Structure formats: structure tokens, C-alpha cells
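Student: Just dropping this structure here.
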Amino acid sequence: MGKLRADTEEEKSEDILSFDDEPEQRKARDLAPSQEGARQPKYENEVRDLQKTGRWGSVSQNEKYVLAAVAALIVIGGIVAVIVLLSGGSSGPAPTLAPTMSPTNRPATTNEQQWSALQDVLRNNGILKSTSELIDMPISDLDGQASNPSASPQVRAASWVILEDERDEFHESKFLQWRFALATLYFALGGADWYNSDGWLGAGDVCDWYGVSCNFPNLDKIVTLDLTKNNLVGAPLPEEITLLDELVSLWLSNNEIGGECPTLAIGSIPTLLYLYINANQFTGEFDANIRTNGILHTLYIQENDFTGNFPLGLCPAPGGAFKLREYGLDCDKLRCFCCSINTAGNDAFDPCF
């Protein structure tokens, strides 16, 4: 019993010691977090706030970005101010814009240059007689003449192409002379009453005018003029047709064109191969000038009022080939001494209508 009691007292003593030591151990453990905290960064709370709320203390992250941007602008503004001051406070005179002009209000110098160029074309052409009044005419005399019905077709055409034509891109004088020639035809033969005058006297390229065909793809030559059955009325056919100096085919059939035919003006077109002026009201004699170019091979002149003889100059030389491949005429009105000759060697061909 005594031993047992002693053991028990000893165990109690150990328990008491163990209990008494526990507060010290807890104190040491309680101190540990504060010591660990002493080793952490100084702004631990601010970092924790930034991660949780997006604010650094009393300033949010967005506010920081705004403040940084404002500061950058202030710096840039200061740099610009310094540069301006160093350059004298002026960046030079403000640029001026060139005035925009409508096509119908071209500078007078441009009109005068075009008028001079057209006058040179007319002056150097040895065939034209009807344009003599234009050669020395001052440009001021053209003003308003395009709409004057009492003015000649040539003066009206010159007034239009120089002062009113909205297309002013004349890189070569030929474009100018072609528009003048066609405008003369328009005013001489009642263009305002044609069945179809689409494009005529407009700003578009002449290749887009009704009846006018140009070479493809370059579109820099008028090769065909076909105004067949288009109510062309008037006399005479203007000799300015000769200014279409690269024309290959001319079709004016079935209209009411009268007066003498300008054979020299037509025949002098160096490239003309086909001519159809049948079924009109042409009068007078028909002469060999129609083939001045030496290459015309198709000619239809029937159903007109020509008189006299068919030109002997168009007949073949003895033993030679016939100069025309194809032709038609009124043998009861125009006597032909060589019409019986058949270019194909076939008697079935009859040029008389």
C-alpha cells in the first residue's frame, strides 16, 4: 500500500509539473506568429487589400492608371511647348487649297490655246473653204454663237467646242478637230431633230456618240460614221467631214441631205474605203474627186438627183482592172460609159438601179 501511494504521488507530481509547463509552451507558440509577422514585407496589409479590393490603401488601381496617364500628358505637353518656343512660335503659313473649277468655266488662257490650235488646223487644210471666216476670228466673237440659229454651222460648232464643250481633255489637236467636224455636221443637218442623237454635243468621248465607231481597243481613231435613216435634213453636206481623217466607212443613206456633194472633201479622206450616200437629195454633177485618195473601192450613190456622166476617171484604163469593186448608181439619170464592165468577170453584176 505504501509503495502504491508513493507511485501515485510521484505521478501526480509529474502531472503537476506537466500542467505547470503548459502555459510557457503556449506562450512560446503564441509568440511565434508575431515573430513570423516581423519577417513578412512591410506593406502586407496594403498588398492584401490590393488583391481583394483592387485598392492600394485609400487609392484604387484604376485611379492610379488615370493619374499616370494625366502625368504622361503633362510631360508630352511640356515637350511640345518647348519645341514650339524653340522654333519661334510658328509652324509656317497655313497651306492654301487650289480653287476647284467647273468644266464649263475653264481658264480663258486654255480656251484661247484651244482656239489657236483649231485655227491652225483649219488654216493648214487646203480643202476647206467654208471655214475661212473662222481663221482670223477673235475668240470673243464666238461667245453665245452655239445657240444662234442664224450663225453658220461652222461658227456654231466652233463656239460650242471652244466655249461650251464640257470635255477639255484634248491631248492632241486631232481630238479637237474631230469634235469640231462632228459638231458642224450636227448643226448643218438638223441634229436637234435626229431620230437618235445620243451623246452628241455631250461631255462624253466621241466614240460614245450615236453612230460613231472607233478602233478597238485603243479608241483613238474614228473609223466609222453611220447615220443611216436618222432624219438628217439640210444642205449641203459640210466639207468639214474631211477632218475625220482616219475614217474608213461613211454611211449617210436614206436621209434628206441635199445640195452638191463635196466630192473633194470626201475623196481626200486618206483612209476611206466605203461610201454610202444613196437615197438622199444630192444634186449636180458627180466627179472623179470622190476617189482622190486612190483606195475607195465601194461607192453607192443611186436614188439621188445627180446629173451628167459617171466620171470616166473611175472607169478602168484599157486592159486594166476596174477601180471600184462595188458601186451603185442611177443609170437613167447619170450616164455611165463603163458600167457594163464587171470587176468579177461576171455579167450577172449590174451596178444600175
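The values are calculated or read from the model by the stated rules, or taken from the named source; none is laboratory data. The structure presented is a predicted model; accordingly, all values stated were derived computationally and were not measured. Reconstructed Cβ throughout: ideal geometry from the backbone, glycine too, with neighbour counts over all protein chains shown. Side chains included, ligands, DNA and RNA excluded: accessible areas come from the protein's heavy atoms. Shrake-Rupley method; radii C 1.70, N 1.55, O 1.52, S 1.80 Å.
Student: Count charges around LEU264 for me, please; just the other residues with Cβ under 12 Å from its Cβ, Lys/Arg as +1, Asp/Glu as -1.
Tutor: -1
Student: Among bridges DSSP assigns within region 150-269, what percent are antiparallel (round to 5)? Mind showing how you got there, number by number?
Tutor: Values: 3 of 8 bridges.
Antiparallel bridges make up about 40 percent of those DSSP assigns within region 150-269.
Student: Carbon and sulfur: what percent of region 226-285's accessible surface (1.4 Å probe)?
Tutor: Working: 960 of 1930 Å².
Within region 226-285, the accessible surface is 50 percent carbon and sulfur.
Student: On a full-extension model of 0.36 nm per residue, what is the gain between CYS331 and ASP136, subtracting their alpha-carbon distance, rounded to one decimal in nm?
Tutor: Values: separation 195, 0.36 × 195 = 70.20 nm, distance 4.48 nm.
Taking 0.36 nm per residue and subtracting the Cα distance, the gain is 65.7 nm.
Student: Additional query: Please work out the Cα convex hull volume for region 220-324 and give it in Å³ per residue. Intermediate results must be reported in sequence, preceding the final value.
Tutor: Values: hull volume 9.0 nm³, N = 105.
Here the figure is 86 Å³ per residue.
Student: Past the 17 angstrom mark, what percentage of all C-alpha to C-alpha distances in region 161-240 do you count?
Tutor: Details: 1388 of 3160 pairs.
Beyond 17 Å sits 44 percent of the P(r) for region 161-240.
Student: Further, regarding this structure: So, with a 1.4 angstrom probe, what is the percent of accessible area on region 138-191 that is carbon and sulfur? Each step should come with its number before you reach the end.
Tutor: Working: 890 of 2130 Å².
Carbon plus sulfur share of accessible area: 42 percent.
Student: Hey, with R₀ at 45 Å, roughly what FRET efficiency would ILE83 and THR110 work out to, going by the Cβ-Cβ distance, to 0.05?
Tutor: Details: r = 45 Å, r/R0 = 0.99.
It comes to 0.50.
Student: Take ILE76 and ASN218, extend 7 Å from each Cα along the Cα→Cβ direction, and tell me the distance between the two endpoints in nm.
Tutor: Distance between label points: 5.7 nm.
Student: Next up: If you average 1/r over every pair of different alpha-carbon atoms in region 107-247 and take one over that average, what Kirkwood value in Å do you get? Before the final figure, lay out each step's value.
Tutor: Details: mean 1/r = 0.0656 Å⁻¹.
Radius from the Kirkwood sum: 15.2 Å.
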